[in-house]
Amino acid sequence: MSLPAPSPDDPLYLRGLNEPQREAVLTTDGPVLVLAGAGTGKTAALTARLAHLIATRRAWPSEILAVTFTNKAAREMRERVERITGGAVEGMPWLGTFHSIAAKMLRRHAELVGLQGNFTILDTDDQLRLLKQLIQAADIDEKRWTARALAGLIDRWKNRGWTPAEVDAAESEQFANGRGRDFYAAYQERLKAVNACDFGDLLLHMLVILKKHRDVLELYQQRFRYILVDEYQDTNASQYLWLRLLAQERKNICCVGDDDQSIYSWRGAEVANILRFERDFPGAKVIRLEQNYRSTPHILAAASGVIAHNGGRLGKTLWTQESTGEKVRVVGVWDGPEEARRVGEEIESAQRGGTTLDRIAILVRAQFQTREFEDRFIAIGLPYRIVGGFRFYERAEIRDALAYLRVIAQPADDLAFERIVNVPKRGIGDKAMAKLHQLARGQGMPLTLAAARILDTDELTPQARRALGNLIGDIARWRSKLDELPHAELARLMLDESGYTGMLQAERSTEATGRLENLTELARAMEEYETLGAFLEHVSLVMDNDANADEAKVTIMTIHAAKGLEFDTVFLAGWEEGVFPSQRSLDEGGTASLEEERRLAYVAITRARRRAYIFHAANRRIYGQWTSSIPSRFVNELPAEHIDSETTMSGGESLWRAQWSEQADPFAHVARAATRGPGWQRAVGKPLDMSPTRLAEVKASAASFAAKPRSDIALGQRVFHSKFGYGLVAEIEGNKLEIDFEHAGRKRVLDNFIQPA
């Protein structure tokens, strides 16, 4: 259809919209898919469309179904409509999240799935408690087959729209040797018996009702003249099927989304839903919002260059009227600590130039990456905040581990003892703890000593006495090893022997994996301190460093948490293979996971308005081990004409680079570039001879160089290492040295990395 030309008499909601946005608002009849690129004003178009339907009397507010993913988005949509229509929008009962709207429907038809209208919606704790009861009744190993793992599996099945009868044998095999479906069915029956459902049931039950009861389906198909859906790329199978059923009669459905920003498959989202919209609704109008109002051309071009490597896209070309701006800066550093130092320096420079800290963000792929930034910012007094999670030392698993370490260092720390006494679960109940407190108060002694004394009495049940005795014995044994083991190694030992690591491993969930990564990072952080006491003192200072709540702060968050946000300056950290894209995604999901990681890179870059920095490190501590890293393939996919590349080195790294360049320059630049691709070639800035003959020559040269020990290093010699400081050479094996460092203890290093003191 031809759209009316913009006019001064246009209603308020149409003013300021560009042509595609106007088209999205005024194309009211039939299915419409609005492909809204990052920063293209999709919220303005969606709320204007809602206002237009009401203002032109195409539908009463009660005849419009408007679905969002968060309560915040629903509230903002309602407030925007009220502003642009000049008054309160009354009677919009069907504006809300998928779950809130489904719950409203289900309360009206609960009896059709064996519930009463006043059913209870279980929270996660209640759900786990019920599942645990079922597992215990089945007499299977709770440690191997945990309630949390079963809850995650059932939630995934519900997101797919599967009832127990629809779970096949292969899926059922994922729990308790094929009994997953039976547990799912028993769980559903138990929920009905107590007149309850979980969040997944809200949509699943309504999906079952709409499929089986034609009269209910027709009721809602007639009620909803128009359907609007925000963030359609994030819908799971259950939400998709629910929407498709409701829209099949009138087909007046408008979905707004961006296939390039589908990044939530781990919680059930399926990018295929938006990709097949035109097949689901033949004759659908596809409107592309491509004018970006957020970022500079260089930033948009960099993001577009990366996402173009994905297949199966609907496709769009972002453009902007903004000035050219700065190129995206790609910075190669030596290691994670240098990355944190360099980012801190850039932020301080921007701050001196007038940029306020709340306009700056650091985006990471995984939560464990935040620790080095937090420690660095504490050291230089740079205010920061963690969004979408706790600060590193405030996370539950870190506080648990710290409590164990505090008890080991100081057995009189009652608060720490209380935190760990039943984590993991040991069967030491409230009654046992009450008796322990009574003895400790009466004798004026710490809980650990009271625990040791109460073991010689019959005050506790045999189970509680045995569990408490094991814990006290463990604490004593760990404490005896303080002088035998490096404190970081003691922490790893304690986490394993206490059962804490096993507890998280048994959960077999993405969340638990992240918590294990954080604990690995904690042990790594401890290595930088001479004693356990020094480390715990550092943590106390960090925890006490709460800046003024009103003070501007740098934002640190994961890329997932940053979706929908924007900042003037964005630092993207850890762009190395195995970190981003994450190794777990590559190992478990293949091409589909790689493409989602690339969409995540696209989201990350497009959070920046004016400046974007991408950092990659040559060395990275991952799972407690130093590994040589290569830049992410996404770095190689950045268009050369839109980036500026540089590498930075310091101290011992510079010496190493000079020595390596003098003796094996061809290998340094050719062999490394052979594996890293054109992005690395741009970074090192040298012409490369990539012929097979040349590669063979330089690899042979490098091998002979690597095996040749240095002649200027001798046993007992005092040397310097840029990371570990000063030390004495204790052993020499070829080009490998064992050095007793003054503060870091004995370390095994290559001779390339040290220099005579």
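Mind checking the log10 I(q)/I(0) for region 379-502 at q = 0.14, 0.16, 0.20 Å⁻¹? Debye, one equal scatterer per Cα, no solvent, two decimals.
The Debye formula, applied to the Cα set alone, gives -0.65, -0.81, -1.13.
What does the accessible area per residue of region 185-227 come to in Å², with a 1.4 Å probe and no ligands, DNA or RNA counted?
43 Å²
Setting aside same-chain residues fewer than 8 positions from K553, which lysines have a Cα under 22 Å from its Cα?
Partners found: K563.
Which value results when the Cα radius of gyration for region 543-645 is divided by 2.2 N^0.38 Å?
1.21
Need the C-alpha centroid separation for region 180-194 versus region 385-434, integer Å.
34 Å
So what J values fall out for region 64-72 if you push phi through Karplus, 6.51 cos²θ - 1.76 cosθ + 1.60 with θ = phi - 60°, rounded to Hz, Gly and Pro as x?
10, 9, 10, 10, 10, 9, 9, 4, 4
Positive end of the dipole of region 251-291, charges at C-beta (+1 Lys, Arg; -1 Asp, Glu), about the Cα centre: which of A272, I287, N252 has its Cα farthest in that direction?
N252
What value in Å³ per residue do you get for the convex hull of the alpha-carbon atoms in region 486-603?
163 Å³
Of all the accessible heavy-atom surface of the chain, with the other protein chains kept in place and a 1.4 Å probe, what percent is carbon and sulfur?
Carbon and sulfur: 48 percent of the exposed surface of the chain.
Per residue Cα convex hull volume for region 285-424, in cubic angstrom?
213 Å³
Where does region 101-143 land on Rg/Rh, using Cα atoms and the Kirkwood Rh?
1.17
Toward the positive end of the charge dipole of the chain, about the Cα centre and with charges on Cβ (Lys, Arg +1; Asp, Glu -1), which of G499, L300, S172 goes farthest?
In the chain, that residue is S172.
Let me check I have the definition right: for region 129-205, take the eigenvalues of the Cα gyration tensor, multiply each by 5, take square roots. What are those semi-axes in whole Å, largest first?
18, 15, 10
May I ask for the Kirkwood hydrodynamic radius of region 457-541, worked out over all distinct Cα pairs and given in angstroms to one decimal?
14.7 Å
So which of K72/K158; K158/K192; K42/K158; K132/K192; K72/K316 end up more than 19 Å apart, counting from Cα to Cα?
Listed pairs above 19 Å: K72/K158; K42/K158; K72/K316.
So, in nm, how far is label R57 from label K104 when the simple model puts each one 7 Å beyond its Cα toward the Cβ?
It is 2.4 nm.
Given a cut-off of under 8 Å on Cα pairs at least six residues apart, what relative contact order in percent is computed for region 399-480?
Contact order relative to length: 32 percent.
Rounded to the nearest 20 debye, what is the charge dipole size of the chain about its Cα centre when +1 sits on each Lys and Arg Cβ and -1 on each Asp and Glu Cβ?
The dipole magnitude comes to about 1540 debye.
Using only Cα positions of region 194-257, each an equal point scatterer, no hydration layer, compute I(q)/I(0) via Debye at q = 0.19, 0.29 Å⁻¹ and quote the log10 values to two decimals.
Cα-only, vacuum Debye calculation for region 194-257: -0.76, -1.27.
Rounded to the nearest 500, what is the chain's calculated 222 nm mean residue ellipticity when only DSSP H runs of at least 4 contribute -39500 (n - 2.57) each, over all residues?
The helix-only estimate for the chain comes to -14500 deg cm²/dmol at 222 nm.
Report the local net charge at R58: Lys and Arg +1, Asp and Glu -1, summed over other residues whose C-beta lies under 14 Å from its C-beta.
Computed value for this residue: +2.
When DSSP beta bridges are limited to those with both residues in the chain, what percentage is antiparallel, rounded to the nearest 5?
35 percent
If you find the alpha carbon centre of region 126-165 and of region 559-626, how far apart are they in angstrom?
Here the answer is 33 Å between Cα centres.
Which whole-number value in Å³ per residue fits the convex hull of the alpha carbons of region 75-166?
Cα-based convex hull of region 75-166, divided per residue, equals 153 Å³.
Work through the residues other than A237 whose Cβ is under 11 Å from its Cβ and net out their charges, Lys, Arg +1 and Asp, Glu -1.
Around A237, the charge tally is +3.
Quick one: check the C-alpha center-to-center distance for region 724-757 versus region 456-486, whole angstrom.
Spelled out, the Cα-based centre of one part sits 38 Å from the other.
Based on the Cα atoms of region 3-103, what semi-axes does the equivalent ellipsoid have, where each is the square root of 5 times one gyration tensor eigenvalue, given in whole Å with the largest first?
Ellipsoid half-lengths, sorted descending, are 22, 16, 13 Å.
If I take every Cα pair under 8 Å that is 6 or more residues apart in the chain, average their sequence separation and divide by the length, what percent do I get for the relative contact order?
This gives 14 percent for the chain.
For the peptides 485-497, 433-445, what is the packing order when you average, over each peptide's residues, the other Cβ atoms within 10 Å and list the highest mean first?
485-497, 433-445
Quick one: net charge of Q127's neighbours, Cβ under 11 Å, K/R +1, D/E -1?
Net local charge, Q127 excluded: -2.
In what sequence, highest mean first, do 51-58, 212-219 appear when ranked by Cβ atoms within 10 angstrom?
Per-residue Cβ counts within 10 Å, averaged per peptide and sorted highest first, yield 51-58, 212-219.
Report Rg(Cα)/(2.2 N^0.38 Å) for region 165-213, keeping two decimals.
Output field value: 1.26.
If packing is taken as the mean number of other Cβ atoms within 10 Å per residue, what is the order of 408-418, 603-613, highest first?
Ranking, from highest mean packing down: 603-613, 408-418.
May I ask you to rank I630, I209 by accessible area, largest first, using a 1.4 Å probe over the protein chains only?
Ranked list, largest accessible area first: I630, I209.
Consider just the alpha-carbon atoms of region 1-62 and return their Rg together with their Dmax, both in angstrom.
Just the Cα atoms of region 1-62 yield Rg and Dmax of 11.5, 31 Å.
What aspartates and glutamates sit close enough to K431 to cross-link, taking a C-alpha to C-alpha distance under 13 Å and skipping anything fewer than 8 places away on the same chain?
E459
The values are calculated or read from the model by the stated rules, or taken from the named source; none is laboratory data. Everything quoted here is computed from the prediction, not taken from an experiment. Please note: Cβ atoms are built from the backbone with ideal geometry, for glycine as well, and neighbour counts cover all protein chains shown. We work out accessible area using only protein heavy atoms, side chains counted, and drop any ligands, DNA or RNA first. Shrake-Rupley method; radii C 1.70, N 1.55, O 1.52, S 1.80 Å.
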